[in-house]
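A short write-up of the structure that comes next.
The values are calculated or read from the model by the stated rules, or taken from the named source; none is laboratory data. Being a predicted model, the structure only gives us computed values, none of them experimental. Note: ideal-geometry Cβ built from the backbone for every residue, glycine included; neighbour counts use all protein chains shown.
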Amino acid sequence: MNAPKRVFVIVTRRIGDVLLATPLIRTIREAWPKTSIDVLVYKNTEGIIVNNPDIEKIITVEEDGTIWSHVKLILKIFRRYDISFSTLTGDRQVFYSWLASKYSVGLLVPDSGINHFWKRCLLSKWAFFDNFNTHTVLMNLMLAELLTLNLHYDVILSWQKSDEYHVAVMLPFDMISEPFAVIHMYPKHPYKEWSKEGWIKLAQWLDEKGINIVFTGNDEVNDSNDICHIFNSLPSRSVNMIGKLSLSEVGFLLSRAAIYIGPDTVITHMAAAQGIPTIALYGPTNPVKWGPWPKNYHVSRNPFVRQGSQNVKNVFLIQGEGQCVPCHEEGCGRSIESLSDCLQNLPAEKIITTVKQALE
């Protein structure tokens with residue numbers, strides 16, 4: 001296939017999905033260095049790729065936008081591209097991919113029913129979507145394999161010099177000479193949380209070892225009573241940067257950290273991509289599909305298996321115990337606001353032992 005002039009990549013889902021599409025985008029960039037690559041994402045997820053050097057333009061659309069907002073998007077993308085890639089199986093994403101270019105590549109649910117037959121008619125090439133047994137990075141790269149491109153596996157993070165300066169002046173210690181750990185306690189939804197008692201014990205152990213601690217997170221977390229309780233119990237080496245850093249700045253912060261500990265969240269994927277020792281706490285989530293992609297893991301094979309704590313390159317995935325793990329459900333109460341016993345019952349000693357191993 002001749003090198004296209006313009007390529008369109010559709011990743012209208014969560015921010016973590018956008019990050020895990022960067023290996024596909026880098027694959028396209030390396031195959032066609034002079035090609036212009038535009039990416040369509042939901043509004044408020046673009047921060048994870050705003051400094052990505054492989055991308056020419058980021059186009060955003062509201063997830064629950066009006067009909068008029070989608071009409072404007074259609075007018076903006078209609079037949080503007082030579083090839084389009086849809087990383088999702090949704091009706092709208094496949095339709096956008098077909099509208100954007102005459103040659104479209106996408107993912108399809110393996111269903112021969114009439115509900116999906118029309119999508120096959122719109123796509124030039126497709127791969128069947130696997131939501132359980134194939135990692136998201138590999139699922140996206142299947143689209144590049146359809147065009148026989150040489151695959152690039154690493155997740156891409158980028159920032160600017162101004163991000164480095166801003167982080168350096170905000171920290172009360174020297175990032176170069178003093179080791180520090182980054183801890184991200186709270187994911188977006190409680191069912192992925194570890195216990196606050198566990199975080200306190202871990203922070204106290206790190207302090208005893210002379211390691212500074214930087215806490216990251218969403219600004220909304222600062223309003224919770226749990227945060228007040230935790231920080232009142234933490235040692236003096238702890239630095240609260242929750243809500244104070246952009247994603248680009250967090251990326252730079254992670255690149256200088258001695259270690260990272262956090263639950264299933266985009267920040268955990270960012271840490272793994274930086275190559276630093278990454279302790280990932282997993283419960284209901286399927287690690288085969290959503291485990292943090294390790295740095296320099298250049299194999300078309302899932303990094304993790306479904307059950308058990310595992311270590312692959314720089315990622316130490318600690319899974320909560322129980323025959324039901326991973327259940328793929330939203331907490332034991334089957335609600336995003338409920339907690340997960342497998343995570344709440346994880347002993348701090350197990351995490352600390354893994355941190356020791358990772359630091360060595």
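One table, with the values for the structure above:
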| item | result |
| --- | --- |
| Near pairs, Cβ below 6 angstrom, 6+ apart or cross-chain, from segment 228-247 (without any contact (Cβ under 8 Å) to a residue 40 or more places away in the chain) to any residue that is of a type in the set (Val, Ile, Thr) | SER233/ILE200; ARG237/ILE213; SER238/ILE213; ILE242/VAL221 |
| Residue in segment 304-311 that is surrounded by fewer than 15 Cβ atoms within 10 Å (Cβ to Cβ), on the phi > 0 side of the Ramachandran plot and touching a Lys or Arg at 6+ places or on another chain (Cβ under 8 Å) present | no |
| Among residues of segment 1-44, those that are in a strand (DSSP E or B) and small (Gly, Ala, Ser), counted | 1 |
| Any hit, segment 278-290, residues being without any contact (Cβ under 8 Å) to a residue 24 or more places away in the chain and farther than 24 Å from ASP154 by Cα | no |
| Residues of segment 334-349 classified as of a type in the set (Ser, Thr, Tyr) and in contact with a helix residue (DSSP H, G or I) (Cβ under 6 Å, 6 or more places away or on another chain), total | 2 |
| Considering residues of segment 161-182 that are under 24 Å from the mean Cα position of the chain (by Cα) and within 22 Å of ALA272 (Cβ to Cβ) only, the residue surrounded by the fewest Cβ atoms within 10 Å (Cβ to Cβ) | GLU164 |
| Residue check, ILE242 surrounded by fewer than 22 Cβ atoms within 10 Å (Cβ to Cβ), in the same structural domain as LEU346 (by TED's automatic domain parsing) and either touching a Pro at 6+ places or on another chain (Cβ under 9 Å) or in a helix (DSSP H, G or I) (or both) | no |
| Filtered residue count, segment 171-184, keeping only those that are at pLDDT below 95 and within 28 Å of GLU46 (Cα to Cα) | 1 |
| Residue check, VAL214 hydrophobic (A, V, I, L, M, F, W, C), in the same structural domain as GLY333 (by TED's automatic domain parsing) and either over 25 Å from the mean Cα position of the chain (by Cα) or in a helix (DSSP H, G or I) (or both) | no |
| Residue match in segment 221-239 (condition: basic (Lys, Arg) and modelled with pLDDT of 80 or more) | no |
| Test: residue in segment 292-299 that is assigned by TED's automatic domain parsing to the domain that holds PHE215 and either within 21 Å of ASP219 (Cα to Cα) or among the polar types (S, T, N, Q) (or both) | yes |
| Residue in segment 333-346 that is farthest from VAL288 (Cα to Cα), counting only those that are hydrophobic (A, V, I, L, M, F, W, C) and surrounded by 19 or more Cβ atoms within 10 Å (Cβ to Cβ) | LEU346 |
| Filtered residues of segment 37-55 (kept if closer than 19 Å to PRO4 by Cα and surrounded by 14 or more Cβ atoms within 10 Å (Cβ to Cβ)) | ILE37, ASP38, VAL39, LEU40, ASP54, ILE55 |
| Residue identified as within 28 Å of VAL18 (Cβ to Cβ) and touching a strand residue (DSSP E or B) at 6+ places or on another chain (Cβ under 8 Å) among TRP159, TRP199 | TRP199 |
| Pair list, Cβ < 8 Å and 6+ apart or interchain, from segment 322-343 residues that are under 9 Å from GLY283 (Cβ atoms) and in contact (Cβ under 8 Å) with a residue 24 or more places away in the chain to residues that are outside any loop (DSSP other than H, G, I, E, B) and of a type in the set (Lys, Arg) | SER340/LYS192; LEU343/LYS192 |
| From GLU46, GLU62, GLU30, GLU56, residue being acidic (Asp, Glu), at pLDDT below 95, farther than 18 Å from THR89 by Cβ and in the same structural domain as GLY106 (by TED's automatic domain parsing) | GLU62 |
| Residue tally, condition farther than 23 Å from GLY291 by Cβ and of a type outside the set (Lys, Arg), over segment 13-36 | 7 |
| Selection count, segment 107-138, where residues are of a type outside the set (Ser, Thr, Tyr) and touching a residue at least 40 places away in the same chain (Cβ under 8 Å) | 7 |
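Conditions tested, residue by residue: (1) of a type outside the set (Val, Ile, Thr); (2) surrounded by 19 or more Cβ atoms within 10 Å (Cβ to Cβ).
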site	(1), (2)
LYS72	yes, no
ILE77	no, yes
SER84	yes, yes
VAL94	no, yes
PRO110	yes, no
ASN133	yes, no
LEU138	yes, yes
MET142	yes, yes
